[in-house]
Structure formats: structure tokens, C-alpha cells
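Peer 1: Could you have a look at this structure, given as C-alpha cells, before my questions?
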Amino acid sequence: MELIMLNSKTKGITSKIYMGIDCSSKAIHSVWLDPHESILTQHKWGSKETDFDTRFLDFGEDFWDDLSKIKVILDNGTIIKATVEAPIYIQNPKATIAIASVAGLVRFTCFLSGITCEYLDNTKWKRDIVGKGNASKAEIKEYATHKWGDVFPEQDYADAACIALWNKRRYENG
């Protein structure tokens, strides 16, 4: 997998990068913001495999490989602060376990890469950023599109961008 995340704009950051991560059983979506709340990059690690166990190993390995390389390349004093949406309980236990596994993988991979990463409850970031703890997908996309433009090829990127924004404002405002 090519490291499309490492464009010249991202490499030029020498202070803080705020990474928002949205997980599903099919993929990991990430959006990185600079200190001015501008989007540096968006990236998705996914797999076309139909079986979760195979898919999980497929995109999990890609995430691990990319994050470890990114951290080495950005080792210029740049601090990456990551926040991953905490797994939510879904009526289907198998789906709940799958999403929790992906979120755990993300947090552990960040930890191994020397990146601070914490879980964030979805109602918290929705309330603090969108203004409603139970904001719908349409309301999240509307907020994100208003703030950053129509730059999100998938809903999960809009979620990740809002998580990154919450992350940035949390560290900035305490």
C-alpha cells in the first residue's frame, strides 16, 4: 500500500497533528488535521475480503505498516495525537465484537508507534462538535461539509474529521 498520507503538506508540519479515527468491521477511516483545523489528509485502510477474521488481518497489517512508517518519516519533532471512536454496543454481538476488535487494534498500534491515542464516546464528540449527542449521519455530514467543503468520499471520513476536530480542540482548550 502506498503511503498517500505523506504529501508535502503533511511532512511540513513540525508541531502537532490531530488524528481522528472511525472504525467499522470493514475499514479504518482516518482524517488528520493541522493546528489550524485544516485537513492535511484522509486515508482508509480496508479490505475486500468477506470473512471478518481475514479482513481484520488484511487491513490491520496495512494500518500497522503505514503507521510505523509514518511515525519514522515524521520524526522531526511532530507530535501526533490520535483519538478513536470508542466501540459502541450493537444489538448483534458478533458486530459489536468485530468493531471493538478494530478499535482495540487501532489504539494498540498507535501505542506501539509512540502515538498518544484515546477512546472517545460518540455522543461526546457529536455533542461538542455538531451540537447534538445523537446527531444523525446526515447532520454530521452537513456540519463537516460546511466546515471543510465537499471533500468526503464516504460518511466515515466526515465522522473521522469531526473526531479529529474534537481531539484538536480538547488539547487546545483543555
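Rule-based calculations on the coordinates, nothing more; no lab input. Note that the structure is a prediction, hence the values are computed from the model and not measured. We place every Cβ from the backbone using ideal geometry, glycine too, and count neighbours over all the protein chains shown.
Peer 1: Give the stretch 118-146 a look and list any residue that's free of Cβ contacts under 8 Å to residues at least 40 places away in the same chain and assigned to a strand (DSSP E or B), or say none.
Peer 2: Answer for the stretch 118-146, where residues must be free of Cβ contacts under 8 Å to residues at least 40 places away in the same chain and assigned to a strand (DSSP E or B): GLU118, TYR119.
Peer 1: Right, here's the next one. For the stretch 104-114, check the following and say yes or no: at least one residue is closer than 25 Å to ASP65 by Cβ, of a type in the set (Phe, Trp, Tyr) and assigned to a helix (DSSP H, G or I).
Peer 2: Within the stretch 104-114, one or more residues are closer than 25 Å to ASP65 by Cβ, of a type in the set (Phe, Trp, Tyr) and assigned to a helix (DSSP H, G or I).
Peer 1: Another one. Here is a list: LYS141, LYS132, LYS81. Which entry is within 18 Å of LEU40 (Cβ to Cβ) and among the basic types (Lys, Arg)?
Peer 2: LYS81
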